[in-house]
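Student: Attaching a single structure in structure tokens format; questions to follow.
Nothing in this text is a laboratory measurement; each read-out follows from the coordinates by a stated rule. Not measured: the values here are computed from a predicted model. Cβ placement follows ideal geometry from the backbone for every residue including glycine, while neighbour counts extend to all protein chains displayed.
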Amino acid sequence: MKKNTFTFILLLIIGLVAGTLVGQLLVQVPALAFLTRTVDLSWEPKADLLVFKFELHFWLKPNLLSLIGLAAAFWIYRKL
């Protein structure tokens with residue numbers, strides 16, 4: 001498989017989503033609460049230029065398992 005930016009970003013997104021899904025499955029286990037605790041991160045740039053106005057909303061809610069999935073995806077990319 002050829003290493004390129006698209007493959008890298010795709011693997012990172014897959015790793016992030018996989019880690020988040022595992023975190024959602026383990027949220028019912030009280031002993032693993034430290035792995036499923038989330039942090040809300042948001043960024044909302046806005047601009048009003050009288051002729052042109054825009055608002056963007058980026059929201060990220062990572063947990064420890066999603067970061068582990070991200071690290072695993074990076075490791076897999078390095079092994080390709």
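Student: Could you give the dipole magnitude of the chain about its Cα centre, charging the beta-carbon of Lys and Arg +1 and that of Asp and Glu -1, in debye to the nearest 20?
Tutor: Details: 8 positive and 4 negative charges, 92 e Å.
The calculated dipole for the chain is roughly 440 debye.
Student: Could you sort the peptides 65-73, 49-57 by per-residue average Cβ neighbour count (10 Å cutoff), highest mean leading?
Tutor: 65-73, 49-57
Student: For every other residue with a beta carbon closer than 11 angstrom to the beta carbon of Lys46, add +1 if it is Lys or Arg and -1 if Asp or Glu, then tell me the sum.
Tutor: The answer is -2.
Student: Another question about this same structure. May I have the extent of the alpha carbons of the chain along their three principal axes, as whole Å values ordered from largest to smallest?
Tutor: 52, 41, 13
Student: In a Gaussian network model over the chain where Cα atoms closer than 10 Å are linked, find which of Ala31, Ala47, Ala18 has the largest mean-square fluctuation.
Tutor: Top of the fluctuation ranking is Ala47.
Student: Okay, moving on. What does the helix-only formula give at 222 nm for the chain: each DSSP H stretch with n ≥ 4 adding -39500 (n - 2.57), the total divided by the residues, and the result rounded to the nearest 500 deg cm²/dmol?
Tutor: -16500 deg cm²/dmol
Student: Which of the listed residues, Trp59, Leu10, Ala33, is farthest toward the dipole's positive end in the chain, when Lys, Arg count +1 and Asp, Glu count -1 at the beta-carbon?
Tutor: Leu10
Student: Say R0 is 35 Å: what FRET efficiency, to the nearest 0.05, do Leu49 and Phe6 get from their beta-carbon distance?
Tutor: In this case the efficiency is close to 0.60.
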